[in-house]
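The values are calculated or read from the model by the stated rules, or taken from the named source; none is laboratory data. A quick note: this is a predicted structure, and the numbers were derived from the prediction, not measured. We place every Cβ from the backbone using ideal geometry, glycine too, and count neighbours over all the protein chains shown. We work out accessible area using only protein heavy atoms, side chains counted, and drop any ligands, DNA or RNA first. Shrake-Rupley method; radii C 1.70, N 1.55, O 1.52, S 1.80 Å.
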Amino acid sequence: RRLDRLAEQTQEIPTLEDQVRSLTDELRDAQANLETLRRTAELLSAAKEALSPRYLDGMQQYFTHYRSLIDGPSAPAAQIDTSLGISVRDGGKSRALESYSRGSRDILQFCARLALTRAMFPEGEAPFLLLDDPFVNLDEEHLAAVRSLLGSLGAELQILYFVCHAGRA
C-alpha cells in the first residue's frame with residue numbers, strides 16, 4: 001500500500017513542478033510590478049513637490065487677478081499654498097475655506113483652477129476648459145461677473161460650459 005501511495009505521489013511530481021514554475025513566474029512578475037509601482041510613487045511624489053513651488057508664484061498672481069475680476073479689488077486677500085489649499089486673510093485673521101458660503105468657496109476654487117491652468121500653460125499654448133455647471137451656488141451679481149470673465153477668456157481659450165438651466169448660461 002505504501003508503494004502504491006508513493007507511486008501515486010510520484011506521478012504528481014511533474015504537475016507539481018509545473019505549478020512551481022508557474023508560481024515562480026507569477027512571483028517574478030508581481031515583484032517587477034511592485035518595483036514599478038514603488039518607482040512610480042517616488043516619481044509622482046517628487047513631481048508633486050517640484051510642481052507646486054514651480055507654479056506657485058505665477059498661480060498666486062493669476063489667482064489674485066481672476067478673483068479681483070469676480071469679487072472686486074476690495075475682496076480680502078487670499079493665498080494658495082504648496083498643496084494648492086486656499087486661505088483667506090479677512091479681518092486680520094486667516095480663515096479656512098470651509099468658513100465661507102458655498103458660493104464664495106466655488107469662486108475661490110474656480111479662480112485657483114484657472115490660475116493653475118494659466119501657470120501651467122505659457123503664452124501661445126491654450127488648453128480648453130470643461131465646466132460642468134460650476135456656478136450653481138453663485139448669486140446673480142457673482143454670476144454676472146463670472147460670465148464676463150468667461151467671455152473675455154473665450155477669446156483666448158476654448159470653453160465648454162454645461163448647465164442644467166438655460167437661465168444660468
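Per-structure values
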quantity	calculated
Sequence-separation-based contact order of the chain, relative, with Cα cut under 8 Å and 6+ spacing, percent	18
Which labelled figure in (i) 57, 20, 17; (ii) 30, 21, 16; (iii) 28, 23, 13 is semi-axes √(5λ) of the Cα gyration tensor in Å, once derived from the coordinates	(i)
Accessible area of Ile13 in the full protein assembly, 1.4 Å probe (Å², nearest 10)	80
Accessible surface of Glu98 - all protein chains present, 1.4 Å probe, nearest 10 Å²	140
Cα gyration tensor shape of the range 92-168, rounded if a/c is under 1.5, else prolate or oblate by comparing a/b with b/c	oblate
Local electrostatic count at Leu116 - Lys and Arg +1, Asp and Glu -1, tallied over other residues with Cβ under 15 Å	+2
Rounded percent of accessible protein surface that carbon and sulfur make up, the range 19-169, 1.4 Å probe	55
Global form of the range 13-95, assessed from the alpha-carbon gyration tensor, a/c cut-off 1.5	prolate
Which of Asp29, Asp81 is most accessible, then next, and so on - probe 1.4 Å	Asp29, Asp81
